[in-house]
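To start, the structure under review is shown below, and the notes come after it.
The values are calculated or read from the model by the stated rules, or taken from the named source; none is laboratory data. Please read all numbers here as calculations on a predicted model, not as lab measurements. FYI the Cβ positions are ideal-geometry reconstructions off the backbone, even for glycines, and counts take in every protein chain you see. In case anyone asks, the SASA skips ligands and DNA or RNA and just uses the protein heavy atoms, side chains included. Shrake-Rupley method; radii C 1.70, N 1.55, O 1.52, S 1.80 Å.
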Amino acid sequence: MAADNSCKETLEDSSQMHCPSKFTGCIWRVAVAAMMANLSGLMLGYEMGLTSSVLLQLRERLSLSCQEQEVLVSAHVVGALFICLAGGPILDRYGRRCSLLLSAVLVVLGTLVLISITSLVSLAVGRVIVGMGTCLSGTAACLYIAEISPRERRGLLITLYEFMLVLGVMLGFSCSYAFTAVPHGWTFTFGLVIPLAILQFGAFMFLPPSPRFLVAQGNVEKARLVLQKMRGGIQEDMEVELRDIQAGLKAESEHSFSELFSSKANLRARLLTGVALVFLQQATGQPNILSYASPLLRSMGFTTDDAATLASTGFGVVKVVGTIPAVMLVDRVGPKSFLCVGAVVMGLSLATLGTLTLQSHTHLTSLCKSHTLDNNTDQMWDLNWTTTEKDNDTFYLDTFSSTWDTEEAQRTLKTSQSALDDQTQTISSPLKWASLVTLLVYVAGFSFSLGPMVYVVISEIFPMGVRGRAASVVGAVNWATNLLISMTFLTVTETVGLPSMLFLYAGMCFVLLVFVILCVPETKGRTLEEISKELARKNYFEVRLCTKRHTQESLMSGAAH
């Protein structure tokens, strides 16, 4: 039915012509190509979702310190940041299709490194390679979809990438939980991404390059053939689209990269707006809540790895459900309204979670350790775990026996175990479930606001001639901020405590709310040309601030009279 309606709209000036029978087939051809490209979002989300629960298994298996855990979590971001900075020439020179083929190879190679050798170095190297592959894949996929899709379906097909990403996050949490109790379960969790990468590689061996890339390479005739296969139907419409592609490429060639940092058309202010948005997207805590979800829940009272991983699986479900209203209502409500509501929901939930953490009487200051006993007992349990994991059975038995042979030591063990049981009972109170619900509300608030809406705003505030380069700069800042926050989260939490970190994130949500109200333009119901024309006005932000101040002063003077 959708294809028939689209065909009728396309042929509204040619009522004497029948809808070509192959037009529906062309729509399906575009849909299949877009779905194969959107596997990139599924893979990126999957890698993001598996991090927290796999970290629980590996930190005990390898006796990882806080800094080593941060390295393991941040390795994926390091790879993404590197390819974000260096991947532009690959995308421009070899095209989106070849970039997707290369990214699939990187994902497979990196995963093989992850599952073949169990050491911190090999895990970090493997995560870096996988990060490079998934980031390159995501960028190439979004560009490919935008360039092959008809304008009537472009928004829907691109939005599906975000939906596939959050679906991948849910699958990452779920698969991690499924293999938690399996020996070397993380190898199975890591390895499940390989079939997706192979499927995408095989599909793109037969899918064509994007017509825009072909025109950029001077191969206009081949681009015309690709458009004919992707569109079908009316030759005049394909010629119009081909001319639009050529005009767009000409407009891009007239802008230089340095103009992004100039005052021309207010581009510097627009760039700062995009950079501030992605910075606040990371600074409100989402990457750490996601990457350290299982350790966070483990410390809040879900006292086994299985329980913490199962609870964190709810994050993935909430992300999927929370994204649906954003996809369905963004055109009617507008991204600015979603961002404001999301900032309020996230800030209140984080402030509530910080208060619950203070009231839980668990004195949580560390997310790095598996137990929360006193220092001496903690060292004894760490010795117990470490020696067992290294299979030094003889050494473990001798050391453990000699340590606990004395009557005093036995009493200490019983006292420590009793303290652990008491603390477990305290943490297992309704406070831990309130903490879980509050975290889920926070994730839901992010999923319908900052998650999808930041990229909607970024795609709308830049003119066409520099939109791609601006998105690359903003993307690099996004990954760099993610890297900085991920590499310092555990260390800072060890210093200031978990409640302080949560209150800090809540404060950043308030900063986000103020920034969106004052600096983010309202784009609902407006064309890209109208948005760009308004933002190009001289001193746009100063005018907005002065207008708001003048309005407030007028209201106050009116009340006085």
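Quick rundown of the values:
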quantity	calculated
So Gly316, is it in contact with a Phe, Trp or Tyr (Cβ under 8 Å, 6 or more places away or on another chain) and at pLDDT 80 or above	no
Hits in the range 481-537 (condition: polar (S, T, N, Q) and either part of a helix (DSSP H, G or I) or open to solvent by 60 Å² or more (accessible area, probe 1.4 Å) (or both))	Thr481, Asn482, Ser486, Thr488, Thr491, Thr493, Thr495, Ser500, Thr527, Ser532
Residue within the range 108-119 that is of a type outside the set (A, V, I, L, M), over 20 Å from the mean Cα position of the chain (by Cα) and part of a helix (DSSP H, G or I) present	yes
Of residues in the range 83-104 being open to solvent by 10 Å² or more (accessible area, probe 1.4 Å) and closer than 21 Å to Gly49 by Cα, the one farthest from the chain's Cα centre (by Cα)	Ile83
Matching residues in the range 215-241 - criterion: being within 21 Å of Asp92 (Cα to Cα) and either modelled with pLDDT under 75 or open to solvent by less than 70 Å² (accessible area, probe 1.4 Å) (or both)	Val215, Ala216, Gly218, Asn219, Val220, Ala223, Arg224, Val226, Leu227, Glu241
Gly138 vs. criteria touching a Gly at 6+ places or on another chain (Cβ under 7 Å), closer than 21 Å to Val32 by Cβ and not β-branched (Val, Ile, Thr)	yes
Matching residues in the range 195-206 - criterion: being in contact (Cβ under 8 Å) with a residue 60 or more places away in the chain and open to solvent by 30 Å² or more (accessible area, probe 1.4 Å)	Leu196, Ile198, Leu199, Phe201, Met205
Inter-residue pairs, beta-carbon under 8 Å, first closer than 14 Å to Met48 by Cα and in the range 170-185, second open to solvent by 40 Å² or more (accessible area, probe 1.4 Å) and in a loop (DSSP other than H, G, I, E, B), 6+ apart	Cys175/Leu192
Residue among Tyr177, Tyr144 that alone is of a type outside the set (Lys, Arg) and either open to solvent by 30 Å² or more (accessible area, probe 1.4 Å) or modelled with pLDDT under 85 (or both)	Tyr177
Subset of the range 208-221 [part of a loop (DSSP other than H, G, I, E, B) and more than 27 Å from the chain's Cα centre (by Cα)]	Pro208, Gln217, Gly218, Asn219
Condition check for Thr187: polar (S, T, N, Q) and part of a helix (DSSP H, G or I)	yes
Selection status of Gly131, surrounded by fewer than 24 Cβ atoms within 10 Å (Cβ to Cβ) and in contact with a Leu (Cβ under 9 Å, 6 or more places away or on another chain)	no
Qualifying residues in the range 180-194 (those that are open to solvent by less than 50 Å² (accessible area, probe 1.4 Å) and of a type outside the set (Val, Ile, Thr)) - the one farthest from His76 (Cα to Cα)	Gly185
Selection within the range 244-283 - open to solvent by 80 Å² or more (accessible area, probe 1.4 Å) and within 22 Å of the chain's Cα centre (by Cα)	Leu272, Phe279
Close pairs (6 angstrom Cβ cut-off, 6 or more residues apart or separate chains): of a type in the set (Phe, Trp, Tyr) in the range 440-453, open to solvent by 30 Å² or more (accessible area, probe 1.4 Å) anywhere	Phe448/Pro325
Selection from the range 27-80 of residues that are under 20 Å from Val105 (Cβ atoms) and touching a Phe, Trp or Tyr at 6+ places or on another chain (Cβ under 6 Å)	Ala37, Asn38, Gly41, Ala80
